[in-house]
Structures are given as structure tokens and as C-alpha cells.
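Encoded as C-alpha cells, the structure appears first; notes follow it.
The values are calculated or read from the model by the stated rules, or taken from the named source; none is laboratory data. Nothing here was measured: the structure is a model prediction, and the numbers come from that model. Please note: Cβ atoms are built from the backbone with ideal geometry, for glycine as well, and neighbour counts cover all protein chains shown.
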């Protein structure tokens, strides 16, 4: 279950390196079982409170940024929650993003909101490395997406299925995805095109939750994603660079 697709020659070299490293990464010893905090419930509470639903990301570094941010992940997450974030995303990819499962564990113990694990997960057993409330699954990289969605749910996790094309959205929906991420960043080139969400949002039915990803830096970007139909957003660099609580508050404010 959760087999990977054949190597995609259209991917940027940095992404191919990520996948090569991910294919070798360790797995958990036994299946985890999570009493998960509800991501959809967190979004609903934000809407009721007059906040924009936001998954704020603890992101030490990435292939598209220079240098590494010297920040305590727990302190960063607590600042994000104080700023109104509905949920926290924690990178657990160690080689290219500076993340770790230990950071996610510490964050989840420190905050009361849902915590999303963001990584390049390729096999079912890799879900067992750490307990999380939600987990990112990238449609482009998985042949058995339906199996990975089922495996995540069996463990109590909400799968957030990332897409970048209409075909990937259709594949995700056919596999049973209920939370669809549309990434403005093209993994073939690592470039960002904010019109991606504009174009693809109509393909996501109202019955699913649409999360806009990448390139959301300002209130104007937030408003554009919301106007296109995004129910929530996932934001990393624009929050991590500077005053984390203030940056979060700026993006969740209506």
C-alpha cells in the first residue's frame, strides 16, 4: 500500500533529491493510533470567530530559501496559535527542510490545535514515524493514493491531499480525499503561480475542503485565495520571517 510512482523526469532536481532521500527514510516500528484533533472543526471555529482559517507552518528552511531559521519550533508554534492560527504544520523532512519527528512531537504536546505532518511520504509504514492529527499526501508521488488515504484514516489522521493540476484533483477525489490542497508552486520548476488556485478551485466540490498552498505572503494574496474559493490556507515562509505572532495575526484578520 502506498507505492510510489516511477521517477518523474519533469521534476526539479531538488525535488528528485527529496524523493530519493524520502525513499530511504526510516519508518515506525508499529502502526500509530491517534486521537486526532479535527482539522475541519478547527476551520469551522475560525470562521465562527471571524478569523481566516490558517495552517501556519513551522519551517526551519527549504530548497527555495537561503539559510536556516534559528527558531525553537515550540516557541514558533505557540506564537502562531497566539496569532490566531487554526492549525500548525510541522516539517518532518530532515535533509532539505531541517525538520524532525521530534519537533512535531514537541509541538503537538505544546499546543491544543491540530498539527499537520508535512513530509514527502511514499509508503504506508512511514506514517508510523510519529503521531499527527493530519498528514500531507502528495498526489503526484503516489500510485496507490487511495491506499495511503485509507492508511492515514485507519490511524486516525486526516489526509490533506496536495494537487497541482485538474487531473490530480480528479484523482484525489476518486481516491476519497475530503481535504484537497492546491499548491501554487509547480514541483517541476519550483516556481509559484498564484493563478493556479484561481484556475483549479472550481474543480473542487463544495463538499470538500480546499486549502491553498504556497506563495501566500500578504493580505491581498489571502483575499485572492479566499475569493477563488479556498476554505483555508497553508503558509510558511511569510509567517516565519519576522515577528511570527504578528505575521500570523495579519493573515488571519478579516
- [ ] Could you check segment 60-114 for helices (runs of 4 or more DSSP H) lying wholly inside it with 1 or more residues that are over 18 Å from residue 22 (Cα atoms) and modelled with pLDDT of 95 or more?
- [x] 73-82, 101-110
- [ ] Assess whether residue 111 counts as being surrounded by fewer than 21 Cβ atoms within 10 Å (Cβ to Cβ) and in contact with a helix residue (DSSP H, G or I) (Cβ under 6 Å, 6 or more places away or on another chain).
- [x] yes
Task: Among (1) within 29 Å of residue 81 (Cβ to Cβ); (2) surrounded by fewer than 18 Cβ atoms within 10 Å (Cβ to Cβ); (3) at pLDDT 95 or above - the single one residue 132 does not satisfy - done: (2)
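Please tell me if residue 85 is buried (at least 17 other Cβ atoms within 10 Å of the Cβ), over 21 Å from residue 252 (Cβ atoms) and either touching a strand residue (DSSP E or B) at 6+ places or on another chain (Cβ under 6 Å) or without any contact (Cβ under 8 Å) to a residue 24 or more places away in the chain (or both). Please lay out each step first, then the result.
Values: buried (at least 17 other Cβ atoms within 10 Å of the Cβ): yes; over 21 Å from residue 252 (Cβ atoms): no; either touching a strand residue (DSSP E or B) at 6+ places or on another chain (Cβ under 6 Å) or without any contact (Cβ under 8 Å) to a residue 24 or more places away in the chain (or both): yes.
No: the conditions fail for residue 85.
Can you go through 219, 230 and tell me which one is surrounded by fewer than 17 Cβ atoms within 10 Å (Cβ to Cβ) and at pLDDT 95 or above? Steps first, answer last, please.
On the way: 230 fails: surrounded by fewer than 17 Cβ atoms within 10 Å (Cβ to Cβ).
Result of the check over 219, 230: 219.
Quick check on segment 24-59: of everything there that is in a helix (DSSP H, G or I) and under 19 Å from the mean Cα position of the chain (by Cα), which residue is surrounded by the most Cβ atoms within 10 Å (Cβ to Cβ)?
The extreme case among them is 39.
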